[in-house]
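Working notes for the structure below.
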Amino acid sequence: MSLTKRDIRDYLIGFTLVLVMVGIATWLHDYEIILPEIGALTAGMWIYHNPTWVSQPFKIFLAPSGTAVIGFIVNQFPISYPEKVGITLLLILLLLNVLRSTLAPSFATGLLPIIINATHWSFILAIFAFTLTLMIGVLLQGHYKGLPAGKPLRYQHMLGFVLAAAVWVGAVWIAGYPQMAGIPPVLVVFFEVSQVPSYSGRLALQQIIALSGAATIGVLVHLVIASWLLSALITLPLVFILLQLLRIKLPAAYAFPLLALVLPANMFHTLPIAATLAACYFLGTVFVYRKLATLRGLASENN
């Protein structure tokens, strides 16, 4: 995909914001300030100008911040990891429905405190600060003007999301890999594609390759380079190149290099495998469901 001068400017501004975040975390020696989904939000709003994400600027702050608080509180409960993930996903869906928002990255900000076991209020303060910055940026850019207001989540969609997530959480729990219950970037993409009326096998494959590739890039680079800032400086352009080669726009992929920086050891080394399996399951589920729906439609027309 060719880039205009405006595109290059937006990429540079977006990457700079992410690197500032990682730089602050490095300076304060506080990994809880590194928020992977800020990379995805920045790409989706400041670079790609995703109409679904920017249509309600004030909810750019309210939704991710609200779900982050939910995840932070649920993480304090004395329950198992998969149970925390399940409860958090349900509460996130309820909050998004109340806010009439379909901002998919809100799932990632809600799950992150559970994944990294966030215990300091610096995590919440960082979420507030960076989502507020993103909101102001979107207001200044003005791409939200003229876009339709948000709509509440459809109950059929919510039920499908919950059922698919429940099957996945139960499967990895039984298999003895509970840490794979929540892979935020994959759930973000799953939530988005499950709302579209059609979903091709080619796009599903491209997105699976992009997600697993971004996770692999994040892990491999961080294995070689311990520095958070230097690792982010290298991985973000590599993910950009990967998406350019695949010719797709996938903001969630930019979260994986940052996620690799903050994951606990038991999740870090298995991240590429976990991301690939989760992407194949969730995105494959959407593709199969859409395919079956199309076949049912054709059969009813013939009858």
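Every read-out reported here was derived from the displayed coordinates using simple, explicitly stated rules and does not represent laboratory data. Only a predicted model underlies this, so the values are computations on that prediction, with no experimental measurement involved. Here Cβ is always computed from backbone atoms with ideal geometry, including for glycine, and neighbour counts include all displayed protein chains.
Observations
- By definition, a body whose alpha carbon gyration tensor gives a ≥ b ≥ c is oblate when a/c is 1.5 or more and a/b is not larger than b/c, and segment 67-132 fits this oblate description.
- Were the residues from L220 through A166 laid out at 0.36 nm apart, the gain over their Cα-Cα distance would be 16.4 nm.
- Here the extension length gained between S80 and I241 equals 54.1 nm, from 0.36 nm per residue of separation less the Cα-Cα distance.
- Measuring nothing but alpha carbons in segment 5-302 and taking Rh as the Kirkwood radius, the Rg to Rh ratio lands at 0.95.
- Membrane-span-like helices of the chain, defined as complete DSSP H segments with a Cα extent of 18 Å or more along the helix axis and a mean Kyte hydropathy of at least 0.5, are identified as 5-28, 57-74, 81-99, 122-141, 155-175, 201-224, 228-246, 271-302.
- Footprinting exposure proxy for K145, K249, K84 (fewest neighbouring C-beta atoms within 10 Å first): K145, K249, K84
- Relative contact order of the chain, pairs being alpha-carbon contacts under 8 Å that are 6 or more residues apart, as %: 24 percent
- For the chain, built as a Gaussian network whose Cα springs stay under 10 Å, the top-fluctuating residue of G218, G110, G170: G170
- For a straight C-alpha distance cut-off of 30 angstrom, the lysines reachable from K291 (same-chain residues fewer than eight places away being disregarded) are K151, K249.
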